[in-house]
Amino acid sequence: MGEEAAGVRPELVREAEVSLLECKVCFERFGHRQQRRPRNLPCGHVVCLACVAALAHPRSLALECPFCRRACRACDTSDCLPVLHLLELLGSTLQAAPAALSAASCAPGVLTCHHAFGGWGTLVNPTGLALCPKTGRVVVVHDGKRRVKIFDSGGGGAHQFGEKGDAAHDVKYPLDVAVTNDCHVVVTDAGDRSLKVFDFFGQIKLVVGKQFSLPWGVEITPHNQVLVTDTEAGTLHLLEVDFPEGVLRRTERLQAQLCSPRGMAVSWLTGAIAILEHPWALGTANNNTRVKVFNSAMQLIGQVDSFGLNLLFPSKITVSAVTFDHQGNVIVADTSGPAIICLGKPEEFPALKPMVTHGLSRPVALAFTKENSLLVLDTASHSIKVFKVMEGNGG
């Protein structure tokens, strides 16, 4: 057994530790002691005993699975024997491998998870992520009772707004969010196919409806203009808004004939715009994706699709989000890995460089802070994960 343990590749050990041996609600590692024991829910999902206790009603013991929402009672849960056995099996390996794991994770350009915040209950099936340029606060849209959640730069809860409801100023089904240079929050709402603008305290300033078939991705340009993708119309729109007055000044269609455009990003270094398309491939599942990058004059300067990436990368790639780093490189989230991958500059597409390969479940949004930390919105764990380059690591 010792020889087998010594022969286990460190990256596989780390993957097992993160993917299998961690409670996806509190992010704590499972263990044999009482509060950290893995517990099976009747639906098949596994959480630690402490989270079962936290999720259960104090008197009825009723709870909902934080992942599939199936109802059960705390007394219906049981020890997850496979995970407990795996803890025993990998115990010696996980103790012998830290040095090797550390060396592997410190390779140039590789980011490591510094901390995470949010979690089930605080966030529910989040879909969009943005940073306030002035304050550094983190804005997330999700499926909670109040759809817009704002955290301080350290991950502490600040405030929330955007009631779930049918009024024009309510937020029915948010898809994406952006924050303007003067701290207004812009949300795309699939519920009534509109774009809604709030001030940072949650007061509604503007509702733009009847102009979109299905608005999806939203971003802010360096000139404080709003960019919106319309996934059903296959278009990209620019909106000029007087945010303090709540007045739409001008709209312009910048691009047409896009294939189900959703997420996008704007480089504040070059003005380039990256758009994530979801073209349908006849006879295949709808998991093909394509990244197109346009310069500030809306000329196509680079593109790459799933097929091209899969020819160059050893595993399947399905792009779910796109952003730019501070050097103008295109960074994408991959839900098949799951992973975060640098594609390089648009003129060099694709120069593949994995940045994050562990610790993710389903990344759906990305953002870089001014301090060059990478924020990843992981919808499967209902959390924001903060990745940094470790000290002493070049690249």
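Data table
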{"read-out": "Region 186-260: GluC sites (Glu not before Pro) falling in loop per DSSP and having at most 11 other Cβ within 10 Å", "value": "Glu245"}
{"read-out": "Trypsin sites (Lys or Arg not before Pro) within region 179-281, DSSP loop, no more than 14 other Cβ atoms inside 10 Å", "value": "Lys210"}
{"read-out": "Kyte-Doolittle mean at least 0.0, axial Cα span of 15 Å or more - DSSP H helices of the chain", "value": "81-96"}
{"read-out": "Carbon + sulfur, % of accessible area of the chain - ligands and nucleic acids excluded, 1.4 Å", "value": "51 percent"}
{"read-out": "Estimated inter-spin distance, His57 and Cys75, nm [label 7 Å along Cα→Cβ]", "value": "1.4 nm"}
{"read-out": "Average accessible surface area per residue within the chain, 1.4 Å rolling probe, Å²", "value": "46 Å²"}
{"read-out": "Spin-label model distance (nm) - Leu214 vs Lys164, 7 Å beyond Cα toward Cβ", "value": "2.1 nm"}
{"read-out": "Separation in nanometres of the label points that stand 7 Å from Cα toward Cβ, at Ser336 and Val247", "value": "5.0 nm"}
{"read-out": "Peptide ranges 63-71, 20-28 listed from the most packed, as the mean C-beta count within 10 angstrom indicates", "value": "20-28, 63-71"}
{"read-out": "Pairs beyond 25 Å (Cα-Cα), from Lys205/Lys292; Lys292/Lys316; Lys164/Lys210; Lys134/Lys196; Lys24/Lys149; Lys172/Lys205", "value": "Lys205/Lys292"}
{"read-out": "Distance cut-off 36 Å, percentage of C-alpha pairs in the chain lying past it", "value": "27 percent"}
{"read-out": "Tensor-based shape of region 248-384 (alpha-carbon gyration tensor, a/c under 1.5 rounded, otherwise prolate or oblate)", "value": "rounded"}
{"read-out": "Estimated 222 nm signal from helices in the chain, with DSSP H stretches of n ≥ 4 weighted -39500 (n - 2.57), rounded to 500", "value": "-4000 deg cm²/dmol"}
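The values are calculated or read from the model by the stated rules, or taken from the named source; none is laboratory data. Since the structure is predicted, the reported quantities are computational estimates derived from the model, not experimental observations. Glycine also receives a Cβ, built like all others from the backbone with ideal geometry; neighbour counts cover every protein chain displayed. Surface areas here come from the heavy atoms of the whole protein model, side chains and all, with no ligands, DNA or RNA. Shrake-Rupley method; radii C 1.70, N 1.55, O 1.52, S 1.80 Å.
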